[in-house]
Amino acid sequence: MNNVVTTQRDGSLAIVTVDNPPVNALSQAVRVGIAEAIIQAGKDPEVKAIVLICAGRTFMAGADITEFGKPPLPPALPDMIDVLDQCPKLLVAVIHGTALGGGLETALGCHYRCAVPSAKLGLPEVKLGLLPGAGGTQRLPRLAGVANALEMMVTGNPVSAAVALERGIVDHIVEGDLKEGALAYARSLLAGGASVRRVRELPVNTDGLPEDFFEQQAAGLARAARGYFSPFRILQCVRNAVEMDFDAGMAAERELFIECLASPQSAALRHVFFAERQVSRIPGLDKGIQELPIRAVGIVGAGTMGGGIAMNFVNVGIPVHLVEREQSALDRGLKIIRGNYERTMKKGRLTAEALEERMGLISGSTDYADLAKADLVIEAVFENMALKKQVFGELDRVCKAGAILASNTSTLDVDEIAASTSRPEFVLGMHFFSPANVMRLLEIVRGEKTSPEVLGTVVKLAKTIRKTGVVSGVCFGFIGNRMLEGYAREVGLMLLEGAAPERIDAIVQGLGFPMGPNAMIDMAGVDVRAKVIGEARELGILPADERYEAVTLKLAADGRFGQKTGAGIFRYEPGNRKPIPDPVVSELIAAEAARLGVPQREHSDEEILDRCMLPLVNEGSRILEEGIAFRPGDIDIVWLYGYGFPAFHGGPMHYADTVGLPNVLARMKEFADRDGDAFGYWTPSALLEKLADAGDNFASLK
Ligand code: 3H9
């Protein structure tokens, strides 16, 4: 017997236990162990029924993702599940924690399933660019019905034990002790004369399914899963379950699974899975550090940002006190927060009681002294260094010793801000993205003097408020906005050269971004962008290039601030966010180009895409080189969750690896040769050159 799967006997029951921490992933050792244990117990004349159960915090959470992309190790999961399916003894899966992917498929290969009320069951393979490849696409429709099964597989979202019971995915809910309850259930099945029941032998029920069900679903996916590969293969598999016999459906599932596994999308999404889990590991941060308790939060500034930030905390039960300069601004801020919650309530996602409970956790005043008891204060005032320093000076005066003071600055020097207090070790940046109650990303900016306890506390806090926290060093714009500069610069230059904004946006969207760069600036505010450029110029970090963001600056000067004023790079109909090309802007751009003497040219689609993406890669590489980001994956996560970089391309650094670093360099050189490189726009980062020369890629830096 192997050391991750063991068998015990309890009367006529065999108990097969999987113990493969942390999540009982179905590694080769587990597959071998389960298959052997079931064959053994199946042959034992004294065993009447077998219970398959897991130790630790969860049932099997799926195939072992670390094995993907490596040569297959026998037995394949579908073969192991065949062994379960064919077992001559009654076989019961006992589910606690999460039965996910191959884990749920293993349970579906058993003859009965029971689960504790807190269990969650799902087939999340789609999130890894895969499809359930161990019979899930054929077995789940037989138990849960075609529509329910398809929905679970294309969204990848799990269902609760109660829903699973209602849909026939589990047969029984175990109350009380997991093992005792499961054994009692197995005994009751035996006592009731239950026989082996193989899911493969059940019919697929198509009652009530519209005739054009699959066509309708395909049309829905074309909208909801634009650019994705595996959801369409999942649909095909479910259709096969209806139209083919079980074995043929299984064979087709296998083929399509292998196709998904080999797809670049799956490689990208698996990279994202691991990168997401790595961001909270901070090199050099001692595991034993004492995190500070955060029981009360203060926020300075009750504008859109401050209000959005407040919602994150009260959503998880942490009270917030807001401080504004004027009572009227505070009242306005509180009204906006209530309005946001009311909208959620109208959508049925929040009860009236929960709304009042959350609002009850928010207080406000115009007096800094009311922040004296806060464990953490986040400053969310206007992006201006002098103002921020003044706020931090005030906070230093009123806040208790040991309170963490954070700035929500999106670009400014956190060390300079920290220096305006007597406690720089308690100061850091917490850069939320707008809308702060919705966007998942939080850039955590560690100052030169930020203490490990403070950093560790905020990294953990990010998880508590359900954000993905990525740590950045101090530099203008940190990870995300610093990289945005080169991207925006090239977009601005291409506009001056005569590329239409809607064309640039369409090409970037073609890669899978939800919106193009021009629409994004209109949404964020042309004035906001112009202000950032102004500040960067003041700090002397912009090139002496008159063309730099000339279009944005001109639009801002003309009062075209973007969506909020109904006109920016595009124009907008009242109440509609759809960008509409505006001839006025074409004229404005042409006039700017003439004024600056920018020659007009034709751009290929490829050039537009490369000039948008390669500056991201080059700046990302510099950010790594300088130690601003710890890992390429951290940069990818910033761009995925902060800027809508398509997950199926894995983020800018993973994207560069797939393009090939020598190709990235060659293309940059082409632009430099053609246009000159007076301002260093196409000067490659030393790290990029080093990796390319060595035949390495960013992934090798992990
Ligand atoms: C599949 O099953 C394909 C089949 O259909 C067909 C095959 C032929 N493998 O998330 P956490 C690690 S595809 C390997 O922080 P939580 C994870 O990296 C699979 N490792 O904990 C982390 O490691 P570390 C379908 C895995 O409590 C540690 O476990 N299944 C796997 O927040 C803890 O993870 C899925 O997609 C794995 N499958 O959440 C489920 N899963 O500590 C993926 C986790 O070194 N997993 N690890 O960083 C999850 O959704 C969450 O991990 C889970 C726990 C909800 C289970």
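Overview of values
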item: Heavy-atom SASA rank of TYR641, TYR487 (probe 1.4 Å, accessible area, largest first); result: TYR641, TYR487
item: Length released on extending from GLU243 to ASP605, taking residue separation times 0.36 nm less the Cα-Cα span; result: 126.2 nm
item: Among GLY597, ALA499, ALA310 - extreme Cα towards positive end, dipole of the chain, charges at beta-carbon; result: ALA310
item: Surface per residue (accessible, 1.4 Å probe) for the range 455-601, Å²; result: 41 Å²
item: Value at 222 nm in deg cm²/dmol, rounded to 500, when DSSP H runs of n ≥ 4 in the chain each add -39,500 (n - 2.57); result: -15000 deg cm²/dmol
item: Heavy-atom accessible area per residue - the range 238-303, 1.4 Å, Å²; result: 51 Å²
item: Most positive-pole-ward Cα, SER27, ALA556, SER160, against dipole of the chain from beta carbon charges; result: SER160
item: The chain, relative contact order [Cα under 8 Å, separation at least 6], %; result: 9 percent
item: Cβ-Cβ FRET estimate between GLU201 and LEU511, R0 fixed at 56 Å, reported to 0.05; result: 0.75
item: Heavy-atom SASA rank of HIS111, HIS649 (probe 1.4 Å, accessible area, largest first); result: HIS649, HIS111
item: Heavy atoms of ASP247 accessible to a 1.4 Å probe, total area in Å² rounded to 10; result: 90 Å²
item: Relative contact order (%) - the range 5-261, alpha-carbon pairs under 8 angstrom, separation at least six; result: 18 percent
item: Förster radius 41 Å - calculated FRET efficiency between GLN278 and ALA557, Cβ distance, rounded to 0.05; result: 0.40
item: 0 to 90° range, to nearest 10: angle between helix 213-224 axis and the chain longest Cα axis; result: 30 degrees
item: Dimensions (Å) - the chain, Cα atoms, principal axes, largest first; result: 89, 60, 52
item: Loop-located GluC sites (Glu not before Pro) in the range 310-385, at most 10 other Cβ atoms within 10 Å (DSSP); result: GLU326
item: With DNA, RNA and ligands ignored, accessible area of ARG529 (1.4 Å probe; Å², nearest 10); result: 20 Å²
item: Anchor LYS43: aspartates and glutamates whose Cα lies under 18 Å away (excluding residues fewer than 8 positions away in-chain); result: ASP10, ASP82, ASP85
item: Gain on full stretching of the segment that runs from GLU448 to ASP696 - 0.36 nm per residue minus C-alpha separation; result: 86.2 nm
item: Under 17 Å from LYS389, Cα to Cα: lysines that are on another chain or at least 8 residues apart; result: LYS449
item: Extension gain, MET359 back to ARG537 (0.36 nm per residue minus Cα-Cα distance, nm); result: 60.0 nm
item: Fraction of antiparallel bridges per DSSP, the chain only, in percent to nearest 5; result: 25 percent
item: For the range 1-148, size of Cβ-based charge dipole, Lys and Arg +1, Asp and Glu -1, in debye; result: 320 debye
item: Cα-only radius of gyration and Dmax that characterise the range 569-702, units Å; result: 17.8, 54
item: Diffusion constant of the range 297-472 at 37 °C, which comes from Stokes-Einstein with the Kirkwood Cα-pair radius and 0.692 mPa s, µm²/s; result: 205 µm²/s
item: Whole-Å semi-axes of the range 1-82's equivalent ellipsoid (Cα gyration tensor); result: 23, 14, 9
item: Rounded to the nearest 20 debye, dipole of the range 166-230 from Cβ charges on Lys, Arg, Asp, Glu; result: 280 debye
item: Folded to 0 to 90 degrees: helix 480-496 orientation relative to the chain principal axis, Cα; result: 60 degrees
item: Charged-residue dipole, Cβ positions (Lys, Arg, Asp, Glu), the range 220-351 about Cα centre, Debye nearest 20; result: 560 debye
item: Relative frequency of Cα-Cα separations exceeding 25 Å in the range 5-261, percent; result: 39 percent
item: Cβ-defined net charge surrounding GLU211, 14 Å radius [Lys, Arg +1; Asp, Glu -1]; result: -3
item: Subset of LYS531/LYS578; LYS531/LYS554; LYS346/LYS578; LYS120/LYS179 violating a 19 Å alpha-carbon distance limit; result: LYS531/LYS578; LYS346/LYS578
item: Solvent accessible area, Å² - MET250, 1.4 Å probe, full protein context; result: 40 Å²
item: Out-of-range pairs (alpha-carbon distance over 25 Å; input LYS669/LYS702; LYS70/LYS702; LYS127/LYS463); result: LYS669/LYS702
item: Of all accessible heavy-atom area on the range 297-472, the percent that carbon and sulfur account for (1.4 Å); result: 51 percent
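The values are calculated or read from the model by the stated rules, or taken from the named source; none is laboratory data. The structure presented is a predicted model; accordingly, all values stated were derived computationally and were not measured. No Cβ is skipped: glycine too gets one built from the backbone with ideal geometry, and neighbour counts run over all protein chains shown. Please note that ligands, DNA and RNA were not included when accessible areas were found on the heavy atoms of the full protein model with its side chains. Shrake-Rupley method; radii C 1.70, N 1.55, O 1.52, S 1.80 Å.
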